[in-house]
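Chemist: I have a structure here, written as structure tokens, and I will follow up with some questions on it.
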Amino acid sequence: MRKRTEDWRDLLSAYSLALDAKKVCMGLLAVGASIALIVIMAVVYGLLLGDVNPPGMLPGGDNDLIAMLIGGEGARAAASVRALLNPFCAGRVHFLLSVLTYVGLLYVWTGAAGVISRLAALEYGRDDLPTLAEARQMVRSRRRAYFMAPMMPLLFILFLIALNVIGGLVASLWVPGRILLVFPGFPLLLASTIVIVFLLVLGVLSFALMMPAVSAGGKDGFESWSTAYSYVLWGLRRFVLYAVVAGVVGCVAGWVAFRLTDLLMFLIVRTVNLGYVNTVDWVSYVVGESGTAITPAGEGLAALPSMILTVFFLGVRLLPIAYLFSYVFTAGTITFLLMRKEQDSIGVDEIFEEADEEEEGAEGLEDTPAKEPSDASDETDDDEEDDQDEDEDEEDDEDSEEDEDEDEDEDEDEDDSPEPASNGDVKAS
């Protein structure tokens, strides 16, 4: 059984909890899907805007991002798509594509992060070993809650941005627009922008807490993001402590993961080269200042296996990023359970189960008393009983009348019968 102290020291072991094949697999899927989405959006960007690209943006339809990743230039690859993740560095079409990119990334991340947080909650809170299928089933049944948790503040931010856009349209009116922009426009713009910054900063800080709010707490989308925001606001000092501890451990674990990955690729290439006697290289392996570059080698049919092996090496190169993805939401799950214990007095082992919710609903139905008849039915029953009583009374009256008639008839018969003769009459006769 895993030893649990239920304080900040549990975050020191988050690196080992995140080093799980199921979590790393989900992290790898999230990273791969994110890269594919960014490349697709870069291609769409190029098709819509042609050669008009913001500084640092990938050329439309180019695959330089994949080439940079294969060449070990991860930092340069991230910088090349930084403009796509900045909605305000170009015009309206760029803003729309950037927002769509964020929505797509949130959909991918929330699905994978939901599975990771569910696995981490059960492993840390109950010391269980759930299967990947069980965690995915939980996420599928509550997919909307996972996705809407970060989307709700984003939608509110977009609403406030739309209000500022309307302010810009009003300001376009020659003299009246400029006057309205000064007052009351500027105070309103200042207030709305402050709210945007507030929601944006808190959303970034609390994003890792939103997924476990659904996985461990069983909350819906609105409750998840509001709970995550409240934990950061009302437990700020504790949250900062947990974030610093998790950040330090994550940086060390990430650096070790990247170094081990480089060592792994180095040993694969060098050990194969010891027995490889062909004059054509099977892959091109170059160690440069920016990192280790593994690219296809050879020409024609010989290049095809080399390209496939290069893709495999790319998957290996993405493993540290997948591990960091797993670590972020594993540490976020532990942080959520610890803060929930402090602020809501809920034990870390109290993990939401859909089966428990169904059983509670069934028990509630069993405990519900039988439905009492309505007043209308009562009146109807009373009327029926009264009718029955009246019928019985009428029958009794009829019977009594018949008895009285019979008695009267008998009396009349007795009166009509001849009286017996007296003794004198008999003697005279």
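The values are calculated or read from the model by the stated rules, or taken from the named source; none is laboratory data. These numbers come from a predicted model, not from an experiment. Ideal geometry is used to build each Cβ from the backbone, glycine not excepted, and the neighbour counts take in all protein chains shown.
Chemist: Filter segment 271-286 for residues that are exposed (fewer than 11 other Cβ atoms within 10 Å of the Cβ) and of a type in the set (A, V, I, L, M, F, W, C); which is modelled with the highest pLDDT? Before the answer, list the steps.
Modeler: Applying the first criterion (exposed (fewer than 11 other Cβ atoms within 10 Å of the Cβ)) to segment 271-286 yields 271, 274-275, 277-279.
Retained after the next criterion (residues that are of a type in the set (A, V, I, L, M, F, W, C)): 274, 277.
Details: LEU274: 84, VAL277: 75.
Looking at the filtered set, the residue picked out is LEU274.
Chemist: Would you mind stating whether ASP262 is touching a residue at least 60 places away in the same chain (Cβ under 8 Å), of a type in the set (Asp, Glu) and at negative phi?
Modeler: On the way: touching a residue at least 60 places away in the same chain (Cβ under 8 Å): no; of a type in the set (Asp, Glu): yes; at negative phi: yes.
Here the answer is no, as ASP262 does not meet what is asked.
Chemist: Can you tell me which of ALA42, ALA30 is small (Gly, Ala, Ser), closer than 30 Å to LEU338 by Cβ and in a helix (DSSP H, G or I)?
Modeler: Numbers: ALA42 fails: closer than 30 Å to LEU338 by Cβ.
Criteria check complete, one pass: ALA30.
Chemist: Which of the following residues is among the small types (Gly, Ala, Ser) and under 26 Å from ASP344 (Cβ atoms): ALA253, ALA257, ALA216? Even if it seems obvious, please write down each step before you answer.
Modeler: On the way: ALA253 fails: under 26 Å from ASP344 (Cβ atoms); ALA257 fails: under 26 Å from ASP344 (Cβ atoms).
Exactly one of ALA253, ALA257, ALA216 is among the small types (Gly, Ala, Ser) and under 26 Å from ASP344 (Cβ atoms), namely ALA216.
Chemist: Restricting attention to segment 270-277, does a residue exist that is in the same structural domain as LEU319 (by TED's automatic domain parsing), over 25 Å from ASP349 (Cβ atoms) and not in a helix (DSSP H, G or I)?
Modeler: Just the residues of segment 270-277 that are in the same structural domain as LEU319 (by TED's automatic domain parsing), to begin with: 270-277.
Now drop any that are not over 25 Å from ASP349 (Cβ atoms), which leaves 270-277.
Retained after the next criterion (residues that are not in a helix (DSSP H, G or I)): 276-277.
Within segment 270-277, one or more residues are in the same structural domain as LEU319 (by TED's automatic domain parsing), over 25 Å from ASP349 (Cβ atoms) and not in a helix (DSSP H, G or I).
Chemist: Still on this structure: So is ALA79 at pLDDT 65 or above and either loosely packed, with under 14 Cβ neighbours inside 10 Å or among the charged types (D, E, K, R) (or both) or not? First the steps, then the outcome.
Modeler: Values: at pLDDT 65 or above: yes; either loosely packed, with under 14 Cβ neighbours inside 10 Å or among the charged types (D, E, K, R) (or both): yes.
Considered against the rule, which asks whether it is at pLDDT 65 or above and either loosely packed, with under 14 Cβ neighbours inside 10 Å or among the charged types (D, E, K, R) (or both), ALA79 comes out as yes.
Chemist: Would a scan of segment 301-318 turn up a residue that is within 30 Å of VAL201 (Cα to Cα) and not assigned by TED's automatic domain parsing to the domain that holds LEU202?
Modeler: To start, the set of residues in segment 301-318 that are within 30 Å of VAL201 (Cα to Cα) comprises 318.
Next, only the ones that are not assigned by TED's automatic domain parsing to the domain that holds LEU202 stay: 318.
Yes: segment 301-318 contains one or more residues that are within 30 Å of VAL201 (Cα to Cα) and not assigned by TED's automatic domain parsing to the domain that holds LEU202.
Chemist: List the residue pairs whose Cβ atoms are under 6 Å apart, where the first residue sits in segment 19-33 and is closer than 16 Å to VAL108 by Cβ, the second is in a loop (DSSP other than H, G, I, E, B), and the two are 6 or more positions apart or on different chains.
Modeler: Final answer for the pair search is VAL31/LEU318.
Chemist: Which of the residues spanning segment 118-158 are over 24 Å from LEU17 (Cα atoms) and among the hydroxyl-bearing types (Ser, Thr, Tyr)?
Modeler: SER141
Chemist: Being within 24 Å of the chain's Cα centre (by Cα) and not assigned by TED's automatic domain parsing to the domain that holds GLY332 narrows it down to one residue among SER172, SER226; which is it?
Modeler: One residue alone meets the criteria, SER226.
Chemist: Being within 30 Å of GLU353 (Cα to Cα) and in a helix (DSSP H, G or I) is true for just one of LEU181, LEU190, LEU209, LEU199. Which residue is that?
Modeler: Numbers: LEU181 fails: within 30 Å of GLU353 (Cα to Cα); LEU190 fails: within 30 Å of GLU353 (Cα to Cα); LEU199 fails: within 30 Å of GLU353 (Cα to Cα).
When all the criteria are applied, what remains is LEU209.
Chemist: Next up: In the set LEU69, LEU47, LEU106, which member is more than 30 Å from ALA133 (Cα to Cα) and either modelled with pLDDT of 75 or more or touching a His at 6+ places or on another chain (Cβ under 7 Å) (or both)? Before the answer, list the steps.
Modeler: Numbers: LEU69 fails: either modelled with pLDDT of 75 or more or touching a His at 6+ places or on another chain (Cβ under 7 Å) (or both); LEU106 fails: more than 30 Å from ALA133 (Cα to Cα).
After ruling out the rest, the residue left standing is LEU47.
Chemist: Here's something else I'd like to know. I'd like the full set of residues that are within 23 Å of PHE147 (Cβ to Cβ) and either loosely packed, with under 12 Cβ neighbours inside 10 Å or β-branched (Val, Ile, Thr) (or both), limited to segment 173-206.
Modeler: Applying the first criterion (within 23 Å of PHE147 (Cβ to Cβ)) to segment 173-206 yields 195-196, 198-206.
Matches in segment 173-206: VAL195, ILE196, VAL201, VAL204.
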